[in-house]
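Taken together, the values in this text are just the output of simple stated rules run on the coordinates, not laboratory data. Not measured: the values here are computed from a predicted model. Cβ placement follows ideal geometry from the backbone for every residue including glycine, while neighbour counts extend to all protein chains displayed.
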Amino acid sequence: MEPTTHRQRALEVVRHRGIARGRDFDAAGITRATLQRLRDEGVLQQVGRGLYKLADAEVDSATSLAEAVRIQPRGVICLLSALQFHELTTQTPHAVWMMLGQKDWAPVNPSVALKIVRASGEALTAGVETHVIDGVPVPITVPAKTVADCFKHRNKIGIDVAVEALRDFMKSRPRPDLNAIYRYAQLDRVQSVIRPYLEAMT
């Protein structure tokens, strides 16, 4: 039987982190053998390589976003995944859309299917808010930035999805900030693309 202190410490780590990585357990002096026993006993659930959460934890519809960010902490949830989070689309993405810097590593064979897009400078860092999901801080693009990004990556997700997102954004309450849309569209260099759609809706 694993020493109680090891078990307790492991559970404390995963309760604090929501989804804990191997390095989190290492820092607490918890062995891999302890994790394997807790997993085999059904106390912990392994949700990816070196990723664990409580087996009886409530499953949030956004859990895959938290798992994705645990896999690649530098990633920002974007495009279809951000649209779904903000309820700006009827689309259900089959993978988590993540934005990374030009030199950030893209996970290979992750436990959560990922769709990676690249950005740099303010196009990567502007318009990002952190939401806590399953105890994990998850960076997600704000609605206005998400819509601008959809027009930037319209060849990947389809112009119809981008237009639908803009239409839903325009219907949102409180009244949407049109200046924000133009600002992010300028960062993404798609202001000339988005302008006619925006003018038709205002």
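Using the Cβ-Cβ distance between LYS156 and THR92 with R0 set to 25 Å, the FRET efficiency works out to roughly 0.90. Using only the C-alpha atoms, the convex hull of region 1-113 corresponds to 113 Å³ per residue.
Shown for VAL136, VAL96: other C-beta atoms within 10 Å of each C-beta, ranked fewest to most, produce the order VAL136, VAL96.
Rounded to the nearest angstrom and listed largest first, the equivalent-ellipsoid semi-axes of region 4-54 from its Cα gyration tensor are 13, 12, 10.
From helices alone, the chain scores -13500 deg cm²/dmol at 222 nm; the rule is -39500 (n - 2.57) for each run of n ≥ 4 DSSP H residues, then divide by the residue total.
Legend: residue pairs LYS103/LYS156; LYS53/LYS145; LYS115/LYS145, Cα-Cα distance threshold 28 Å; pairs beyond threshold, LYS53/LYS145. The simple spin-label model puts a point 7 Å past each Cα toward its Cβ; for ARG23 and GLN102 those points are separated by 2.5 nm.
Stretching the chain fully between MET170 and GLU122 yields a gain of 14.9 nm (0.36 nm per residue, less the alpha carbon separation). Full extension of the segment from GLN186 to THR31, taken as 0.36 nm per residue of separation minus the current Cα-Cα distance, would add 50.8 nm. Here ASN179 and VAL132 are evaluated by their C-beta separation; at R0 = 22 Å the FRET efficiency comes out at 0.20. This ranking places ILE77, ILE71 by how few other beta-carbon atoms lie within 10 Å of each, fewest first, which gives ILE71, ILE77.
Rounded to the nearest 10 degrees, the angle from helix 143-152 to the longest Cα principal axis of the chain is 70 degrees. Counting only alpha carbon atoms, the long axis of helix 178-187 and the longest principal axis of the chain meet at about 80°. Taking the Cα atoms of region 158-202, the ratio Rg/Rh between the radius of gyration and the Kirkwood radius comes to 0.93. Free of any GluC sites (Glu not before Pro) that DSSP assigns to a loop and that have at most 15 other C-beta atoms within 10 Å, the longest stretch within the chain is 88-202.
The fewest-to-most ranking of SER172, SER81 by surrounding Cβ atoms within 10 Å reads SER172, SER81.
Per q in 0.11, 0.13, 0.21 Å⁻¹, report the Debye log10 I(q)/I(0) for region 63-201, using one uniform scatterer on each alpha carbon and no solvent. Listed by q, the Debye log ratios stand at -0.36, -0.50, -1.31.
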